[in-house]
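Worksheet for the structure shown next.
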Amino acid sequence: MKAGAGLFSALALFLLLGTVFAQRPRPKRPTKRPATTRKPSLPQPALPAEPEPQEPTDFPPPIIGPPSIFPDCPRECLCSPDYPNSLNCENRNIRVIPLIPPRTYYLYLQNNYISEVTAEPFINATAVRWVNLANNRIHRIDKQVFEKIPALLYLYAHHNQLKEIPSGLPASLEQLRLSSNRISKIPAGAFNKMGNLTMLDLYHNQLSDSDLGKNLFKDLKSLMQLNLAQNTLKKMPEGVPSGLIQLFLDRNRIDDIPKDYFKDFTHLAFVRLNYNQLSDKGVPKAVFNISSLLDLQLSHNQLTSVPTFNGHLEHLHLNHNNIKNINGTLICPYSLQDDPSDFSLLPRLRYLRLDGNHLNPPIPMDVIMCFRHLRSIVF
């Protein structure tokens, strides 16, 4: 009986152990084959780097407009039916000037990527009177261009890369704007027979005294405005036409004005010599005593006293010099003892700027008594 019970117990223990082993998780077989050892690969030769894009590929693409009612209108330009004589090609990202229609009178080509101006686009454009080439990358204008447009009146080519005055300019020209280029050379006879030119703008170039020959301006009998500011001049330009109205010479290196420099000028009204190297020694006492002069600007120089000026002067800029005192009796264009009944006979100075000097307030009473038309004084 006891033997049977022991057999039954052994059988139960065996079944219990089998159940426990059956419930233990079986290890999973790897799903991937183990990595095999490969031979080290030889380094591949590096591919040559892509070259940097060169002009004109680095420019934005030209802007092509919709078809025009004018069959001769270039697709990269606009031809308005309201202005049939105008060809508007500005801000179109063009590199080359398109063929200009014969009907064109006004030609707008500013704000593009044009590098040179050749004669071919102008072959039938003899009616052109106004050309705006500003803000391009022009380094050359062919002489033959002006042979195609001999009646040109206005040429604007500022903000480009010209190194000299274009040759063959037409005698008909009235305005020439060449500011903000790299001009350091003016060919002999560049302005010959240009008796109609009224404005010559050469601001912000690289002109020196040797580039402005004595006879350079001799044919410019109608010239009214000459802008030579921001160049490298050390002397006042010679041979400037006596009929000039505006002379701008700011930001040069001028340190001396000849005594009789302005004596032949009959209409000169505006003179600007700001940011030069003028001292009392380089400014003769009465050099600015010109009856036609209305506006005189001498700021940012080295003056220690107020120069003599005519009673017709209306605006005087003397700020940022070395002036330590101002004597109204000395600079007054008429005697303070006189008391004219006609108020209009008094000096006409209305604006006086003296800030940036070594002056202390108050304004001297003799200055107030002399310049009774003064409306603004910066002290």
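The values are calculated or read from the model by the stated rules, or taken from the named source; none is laboratory data. Everything numeric here is computed off the predicted structure, so don't read it as measured data. Counting neighbours? That spans all protein chains shown, and the Cβs are built from the backbone with ideal geometry, glycine included.
Would you call S115 in contact with a His (Cβ under 7 Å, 6 or more places away or on another chain) and not assigned by TED's automatic domain parsing to the domain that holds Y203?
yes
Tell me which of these L87 doesn't satisfy, since it passes every other one: (1) within 19 Å of P71 (Cα to Cα); (2) modelled with pLDDT of 95 or more; (3) part of a loop (DSSP other than H, G, I, E, B).
(3)
I'm trying to understand the selection: among the residues of region 103-126, which are in a loop (DSSP other than H, G, I, E, B) and within 16 Å of S167 (Cβ to Cβ)?
Matches in region 103-126: T118, A119.
Just a yes or no: is a residue in region 142-155 surrounded by 14 or more Cβ atoms within 10 Å (Cβ to Cβ), touching a Lys or Arg at 6+ places or on another chain (Cβ under 6 Å), aromatic (F, W, Y) and modelled with pLDDT of 95 or more?
No - not one qualifying residue is present in region 142-155.
For every residue, the table says whether it meets (1) within 22 Å of L298 (Cα to Cα); (2) in the same structural domain as S115 (by TED's automatic domain parsing); (3) of a type in the set (V, I, T).
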| site | (1), (2), (3) |
| --- | --- |
| L178 | no, no, no |
| I183 | no, no, yes |
| F191 | no, no, no |
| S208 | yes, no, no |
| V240 | yes, no, yes |
| F248 | yes, no, no |
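Any chance region 321-328 includes a residue that's within 32 Å of the chain's Cα centre (by Cα) and either of a type in the set (D, E, K, R) or over 19 Å from R375 (Cβ atoms) (or both)?
Yes, that holds for at least one residue.
So N360 passes all but one of these: (1) farther than 22 Å from D256 by Cβ; (2) of a type outside the set (S, T, Y); (3) modelled with pLDDT of 95 or more. Which condition number does it fail?
Failed condition: (3).
Listed residues T329, T308; which is touching a Lys or Arg at 6+ places or on another chain (Cβ under 9 Å), within 26 Å of F262 (Cβ to Cβ) and at pLDDT below 95?
Testing whether each residue is touching a Lys or Arg at 6+ places or on another chain (Cβ under 9 Å), within 26 Å of F262 (Cβ to Cβ) and at pLDDT below 95 leaves just T308.
Consider S86 carefully, then state whether it is without any contact (Cβ under 8 Å) to a residue 24 or more places away in the chain, among the polar types (S, T, N, Q) and either surrounded by fewer than 16 Cβ atoms within 10 Å (Cβ to Cβ) or not assigned by TED's automatic domain parsing to the domain that holds N205 (or both).
So S86 passes the test.
Strands (runs of 3 or more DSSP E) wholly in region 265-379 with at least 3 residues that are surrounded by 12 or more Cβ atoms within 10 Å (Cβ to Cβ) and not acidic (D, E) - which ones?
Because the criterion is at least 3 residues that are surrounded by 12 or more Cβ atoms within 10 Å (Cβ to Cβ) and not acidic (D, E), the strands (runs of 3 or more DSSP E) in region 265-379 that meet it are 270-272, 315-317, 351-353.
Step by step: first the residues of region 60-79, then only those that are modelled with pLDDT of 85 or more and either among the basic types (K, R) or surrounded by fewer than 14 Cβ atoms within 10 Å (Cβ to Cβ) (or both), then the one that is farthest from P102 (Cα to Cα). Which residue is that?
This residue is P60.
Looking at N227, N205, N196 in this structure, which one is over 25 Å from the mean Cα position of the chain (by Cα) and of a type in the set (S, T, N, Q)?
On inspection, the qualifying residue turns out to be N196.
Condition test on A269, is it under 23 Å from R372 (Cα atoms) and modelled with pLDDT under 95?
no
With (1) within 17 Å of A125 (Cβ to Cβ); (2) at pLDDT 95 or above; (3) under 31 Å from the mean Cα position of the chain (by Cα) as the list, and P102 as the residue in question, which single condition is left unmet?
Every condition holds for P102 apart from (3).
Given the criteria within 17 Å of the chain's Cα centre (by Cα), assigned to a loop (DSSP other than H, G, I, E, B), at pLDDT 95 or above and under 17 Å from L273 (Cβ atoms), does L233 qualify?
no
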